[in-house]
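Quick notes on the structure that follows.
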Amino acid sequence: MESVEELTKKAIDLDPKERIRLVEAILHSLDKPDPEIEKNWIAESEARYDAFKRGEIQAEDWDEIRKRYER
């Protein structure tokens, strides 16, 4: 197997579009969503939306939320 240094040299020699495709492929290989977490997020978002529709929770303006967390 080639070393990281050897692969880096080969990657740098690629044209820019091919380098972008390589980076995207590498990042995609690292981004493996956990199906259980995805299922839980879907259930949570649906529950929150249903509560919103029933009037149990209120929507907040994005600008106001952002102001609370700006540093």
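Numbers at a glance
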quantity	calculated
A11 being of a type in the set (A, V, I, L, M) and exposed (fewer than 10 other Cβ atoms within 10 Å of the Cβ)	no
Tally, over the range 36-68, of residues that are of a type in the set (D, E, K, R) and surrounded by 10 or more Cβ atoms within 10 Å (Cβ to Cβ)	6
Qualifying residue in the range 51-60 (condition: among the acidic types (D, E) and modelled with pLDDT under 95)	yes
Odd one out for P33, checked against (1) loosely packed, with under 10 Cβ neighbours inside 10 Å; (2) in a helix (DSSP H, G or I); (3) under 22 Å from the mean Cα position of the chain (by Cα)	(2)
Candidate set from the range 14-30 (those that are aliphatic (A, V, I, L, M) and part of a helix (DSSP H, G or I)); member that is surrounded by the most Cβ atoms within 10 Å (Cβ to Cβ)	L22
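The values are calculated or read from the model by the stated rules, or taken from the named source; none is laboratory data. None of the values given here were measured: they were computed from a predicted structure. Counting neighbours? That spans all protein chains shown, and the Cβs are built from the backbone with ideal geometry, glycine included.
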